[in-house]
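Novice: Pasting in a structure now, in structure tokens, and then I'll have a few things to ask.
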Amino acid sequence: MTPPGKRYRIGPGQLAAFASALIADGYVVIAESPDGKGFTALKDGSAVAPDTERPPTALSMKDIVFPRAEPVFLYRKTLDDVQVIDPPSPPRGVVTFGVRPCDAASIQTLSKVFDWDYHDELFDTRAERTIVIGTLCRFTDDRCFCTSVGLSPSSTKGSDLFLLPLDDGGWILQIVTDKGSRFVARCLSAFSETDETGEDLVKRYPGPAVRFDPDRIRSWIPANFDHPLWPSLAETCLGCGQCAFACPVCHCFDLIDEADSFQHGRRMKIWDACQFPLFTKHASGHNPRDTQVKRYRQRVSHKFFIYPERFGEILCTGCGRCSRGCGVGIDIAEIVEQIEKTAVAESVARER
Amino acid sequence: MPEVAAIAKDLLERGVVKAVIGYAAAGPNRTRPFIARTAEQANALVFNRHALNNLAVFLTRRRKPVAGPVAVVAKGCDVRALIMLMQEQQVRREDVHIIGVTCGGVASSMGTPWSVETAAPKCAHCRFHTPHLYDSLAEGTEEVGPLPDRSGERIKELEALPPDERFAFWAEQFSRCIRCYACREVCPICSCEQCVADKNQPQWIDRSPTSRGNFAWNLVRAFHLAGRCIGCNECERACPADIPLSLLNRKLAMTALEEFHYIAGTDPAAPTLVGTYDKTDRQDYIA
Ligand code: SF4
Ligand code: SF4
Ligand code: SF4
Ligand code: SF4
Ligand code: SF4
């Protein structure tokens, strides 16, 4: 087996041939859709090469491992019996090409919660069956902040293999994990091994300037649950699900029963979002997060305090999807910057 | 004509309103909703080709951020929403000071530089460049020559398709819906305290983003807005799945005009289309 760390040179056009061969072998090959809005399964390999100068997709790749809707079980009822039927097994051999670092990192982050005390079989099976081919990202806008949460345009976290786009249209393919190495072994004869590290490329795309220190946010939040800053932070938030659904690491779901008839139906796992007023509404009618201010505080707290405390990871990859897609222009990085400013000002005032 | 910020400052200084809901700059070719509560904050208010939001959404009963009288910055299409909200008893005329702005068109999305080519499709068939109801009128943007009516052309193309192909078109569009409800939340007319899509006793609409539920959701929403939608197209702009919701809404608005001579959001005193029964209404829909 080729050890992780080895690099191969892929010529222009060879990536498409590689993808076509995988499709011919029965793999599900997924890449950014032509309009750049999301990911889509390809019919042939010709469009597999990622355009890494485009903004990241509006919706992340989490749909592949944590679909927007999937059956947990099916049921069949008769008057005196209920039969529970296993859901169809997720597809085998899924290969996702050209995943940006701020998207690829999500699988590791998500597995912390999906494999916490209970092992979510559906997530685990899909993650196990998916090969993530990450790519260096050559796009940056004022919504990006991967570098503030420990990532960068060249981080390989979450990728099994990683592509560096060369100026001639070719690629350096880097083997990152054992899983990636096992997967790619059969194709390597087509590519030549290289010593090129692509270091110049990595230097050329440093990503956005660091905007805040997440540790400072993490310590400020628990001590300031009722701080007067919160109501001013996102007062125009409308409480939709766009930010959570577009986010690569938001993972709340609901379990619902959907009937086709009295006899047939299924229990579905579907995306849910903490910004919906119904999310925390009790059957009694009481809602502990009864205002949008409380719900937005939860969003920021979960990402920058609760998840880091519990799992040692920030629940945000700095991709900026939530901000780019928000109908009222709420920008999570700006909000975190405001929290940091307040935290710094308060600590200066205390020291005086 | 005075600018928005000057009018807002004056209203706040004189205590006529508690807050002014307007637009603030938010990066290149972008604005976002901003609530000014003091004359100083009002300095941040702007109006330009990127003032896309329909701020009437903040005036519905379920959302109004400030108790008491408020002012709102409104383009012609936004004023239509305010009027619709008055017609539906969501907003009382005396509670809102409308800062109307002249508007010659806005860009189609945030971050997009303005040009005739990038103008929002709705502006091509706008009849309200100068708002038809306001308390103060502010200097906005100028009208440009005729804009291409792209959405009108697409509706004609769709109408020309045989029904099964039209069905296939919408089935493909709705299949991308993720049920984030951004369309509903950004819509000033979706003012219901509890949306039918959130009811589960009984469950009228499947909640999962699968074909049956998505079809039901998108069609029910379109029909609930028939004769009410004022065509601001905020739903389409907010939709992360790029579903051309405006085509459905405009088609229904065209039907309201052709069949009932009704344009939503023009007269605060007029009864609503779906809320009126008229003996002379056509009966042949009920076959
Ligand atoms: S922040 Fe924006 S996208 Fe998120 S819930 Fe609020 S309005 Fe919707
Ligand atoms: S919170 Fe926003 S910026 Fe962070 S990972 Fe989610 S979508 Fe990306
Ligand atoms: S529809 Fe009319 S009022 Fe509305 S943004 Fe376009 S030009 Fe302005
Ligand atoms: S349905 Fe869409 S176009 Fe119509 S009023 Fe609501 S947001 Fe505006
Ligand atoms: S905004 Fe788009 S994706 Fe979201 S619920 Fe509405 S139609 Fe569906």
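Novice: Return the only residue of A:S46, A:S20 being open to solvent by 60 Å² or more (accessible area, probe 1.4 Å) and touching a residue at least 24 places away in the same chain (Cβ under 8 Å).
Specialist: Working: A:S20 fails: open to solvent by 60 Å² or more (accessible area, probe 1.4 Å).
One residue alone meets the criteria, A:S46.
Novice: Among A:V249, A:V336, A:V300, which is the only one that is under 21 Å from the mean Cα position of the chain (by Cα), surrounded by 15 or more Cβ atoms within 10 Å (Cβ to Cβ) and more than 14 Å from ligand 1 (Cβ to nearest atom)?
Specialist: Values: A:V336 fails: more than 14 Å from ligand 1 (Cβ to nearest atom); A:V300 fails: more than 14 Å from ligand 1 (Cβ to nearest atom).
Checking each option against the conditions leaves just A:V249.
Novice: Which residues, taken from segment A:260-274, are within 9 Å of chain B (Cβ to nearest Cβ), over 15 Å from A:P87 (Cα atoms) and either touching a Lys or Arg at 6+ places or on another chain (Cβ under 7 Å) or open to solvent by 40 Å² or more (accessible area, probe 1.4 Å) (or both)?
Specialist: The answer is A:D260, A:W271.
Novice: So, one more: Identify all residues within segment A:126-160 that are in a helix (DSSP H, G or I) and among the hydroxyl-bearing types (S, T, Y); write none if there are none. Spell out the reasoning first.
Specialist: Of all residues in segment A:126-160, those in a helix (DSSP H, G or I) come to A:126-128, A:146-148.
Listed by number, the residues that qualify are A:T147, A:S148.
Novice: Also, I was wondering about something else. Of everything in segment B:33-55 that's in contact with a Gly (Cβ under 7 Å, 6 or more places away or on another chain) and farther than 16 Å from B:G140 by Cα, which residue is nearest to the other protein chains (Cβ to nearest Cβ)?
Specialist: If we take residues in segment B:33-55 being in contact with a Gly (Cβ under 7 Å, 6 or more places away or on another chain) and farther than 16 Å from B:G140 by Cα, then B:F34 is nearest to the other protein chains (Cβ to nearest Cβ).
Novice: Next up: Working carefully through the options B:C229, B:C180, find the one that is within 25 Å of A:L278 (Cβ to Cβ) and within 16 Å of ligand 3 (Cβ to nearest atom).
Specialist: On the way: B:C180 fails: within 16 Å of ligand 3 (Cβ to nearest atom).
When all the criteria are applied, what remains is B:C229.
Novice: Of all helices (runs of 4 or more DSSP H) completely enclosed by segment B:141-230, which ones contain at least 1 residues that are at pLDDT 95 or above and within 16 Å of ligand 2 (Cβ to nearest atom)? Outline the logic, then answer.
Specialist: On the way: elements: B:150-160, B:163-175, B:182-186, B:211-224.
Hits in segment B:141-230: B:182-186.
Novice: On to the next question. Mind counting the residues in segment B:14-32 that are away from chain A (no Cβ under 11 Å) and among the charged types (D, E, K, R)?
Specialist: Here the count works out to 2.
Novice: Looking only at segment A:147-171, which residues are under 17 Å from A:E53 (Cα atoms) and either touching a residue at least 40 places away in the same chain (Cβ under 8 Å) or crowded, with 19+ Cβ neighbours inside 10 Å (or both)? Even if it seems obvious, please write down each step before you answer.
Specialist: Quick first cut of segment A:147-171, residues under 17 Å from A:E53 (Cα atoms) only: A:152-155, A:162-171.
Hits for segment A:147-171 are A:S152, A:P153, A:S154, A:S155, A:F162, A:L163, A:L164, A:P165, A:D168, A:G169, A:G170, A:W171.
Novice: How many of the residues in segment B:193-247 are over 30 Å from A:S33 (Cα atoms) and either open to solvent by less than 40 Å² (accessible area, probe 1.4 Å) or within 12 Å of chain A (Cβ to nearest Cβ) (or both)?
Specialist: First, pick out the residues of segment B:193-247 that are over 30 Å from A:S33 (Cα atoms): B:193-196, B:198-204, B:223-230.
Of the ones still in play, those that are also either open to solvent by less than 40 Å² (accessible area, probe 1.4 Å) or within 12 Å of chain A (Cβ to nearest Cβ) (or both) are B:193-196, B:198-203, B:225-230.
Result for segment B:193-247: 16.
Novice: Just a yes or no: is a residue in segment A:225-240 loosely packed, with under 15 Cβ neighbours inside 10 Å, more than 9 Å from every other protein chain (Cβ to nearest Cβ), assigned to a loop (DSSP other than H, G, I, E, B) and charged (D, E, K, R)?
Specialist: Yes.
Novice: Here is a follow-up. Let me confirm something: among A:E70, A:E53, A:E32, which residue is under 23 Å from A:Y205 (Cβ atoms) and open to solvent by less than 30 Å² (accessible area, probe 1.4 Å)?
Specialist: Within the list A:E70, A:E53, A:E32, the selection yields A:E32.
Novice: Moving on to the next point. Residues being out of contact with any Leu (no Cβ under 7 Å at 6 or more places or on another chain) and either touching a residue at least 24 places away in the same chain (Cβ under 8 Å) or acidic (D, E) (or both): count how many of those fall in segment A:68-89.
Specialist: Residues in segment A:68-89 being out of contact with any Leu (no Cβ under 7 Å at 6 or more places or on another chain) and either touching a residue at least 24 places away in the same chain (Cβ under 8 Å) or acidic (D, E) (or both): 13 in total.
Novice: Further question on the same structure: More than 16 Å from ligand 3 (Cβ to nearest atom) and either away from every other protein chain (no Cβ under 14 Å) or within 21 Å of the chain's Cα centre (by Cα) (or both), is that true of A:P222? Quick ask: steps written out before the conclusion?
Specialist: On the way: more than 16 Å from ligand 3 (Cβ to nearest atom): yes; either away from every other protein chain (no Cβ under 14 Å) or within 21 Å of the chain's Cα centre (by Cα) (or both): yes.
So A:P222 passes the test.
Novice: Would you be able to say whether some residue in segment B:248-264 is surrounded by 23 or more Cβ atoms within 10 Å (Cβ to Cβ) and in a helix (DSSP H, G or I)?
Specialist: So in segment B:248-264, the residues surrounded by 23 or more Cβ atoms within 10 Å (Cβ to Cβ) come out as B:248-249, B:264.
From what's left, in a helix (DSSP H, G or I): B:248-249.
Scanning segment B:248-264, I find at least one residue that is surrounded by 23 or more Cβ atoms within 10 Å (Cβ to Cβ) and in a helix (DSSP H, G or I), so the answer is yes.
Novice: Could I ask something else about it? Would you please name the residue that is farthest from B:A138 (Cα to Cα), looking only at residues in segment B:56-82 that are of a type in the set (V, I, T) and under 17 Å from the mean Cα position of the chain (by Cα)? Break it down into steps so the answer makes sense when it comes.
Specialist: Pass one, segment B:56-82, residues of a type in the set (V, I, T): B:57, B:60, B:66, B:70, B:72-73, B:79.
Within this subset, residues satisfying the condition of being under 17 Å from the mean Cα position of the chain (by Cα) are B:57, B:60, B:72-73, B:79.
On the way: B:V57: 20, B:T60: 23, B:V72: 12, B:V73: 9, B:V79: 13 Å.
Here the answer is B:T60.
Novice: Inspect segment B:111-133 for any residue being within 27 Å of A:R143 (Cβ to Cβ) and within 16 Å of ligand 1 (Cβ to nearest atom) and give the result as yes or no.
Specialist: Residues of segment B:111-133 within 27 Å of A:R143 (Cβ to Cβ): B:111-115, B:117-123.
Adding the requirement that they be within 16 Å of ligand 1 (Cβ to nearest atom) leaves B:111.
Checked segment B:111-133: at least one residue is within 27 Å of A:R143 (Cβ to Cβ) and within 16 Å of ligand 1 (Cβ to nearest atom).
The values are calculated or read from the model by the stated rules, or taken from the named source; none is laboratory data. Since this is a predicted model, take the numbers as computed values, not measurements. Reconstructed Cβ throughout: ideal geometry from the backbone, glycine too, with neighbour counts over all protein chains shown. Please note that ligands, DNA and RNA were not included when accessible areas were found on the heavy atoms of the full protein model with its side chains. Shrake-Rupley method; radii C 1.70, N 1.55, O 1.52, S 1.80 Å.
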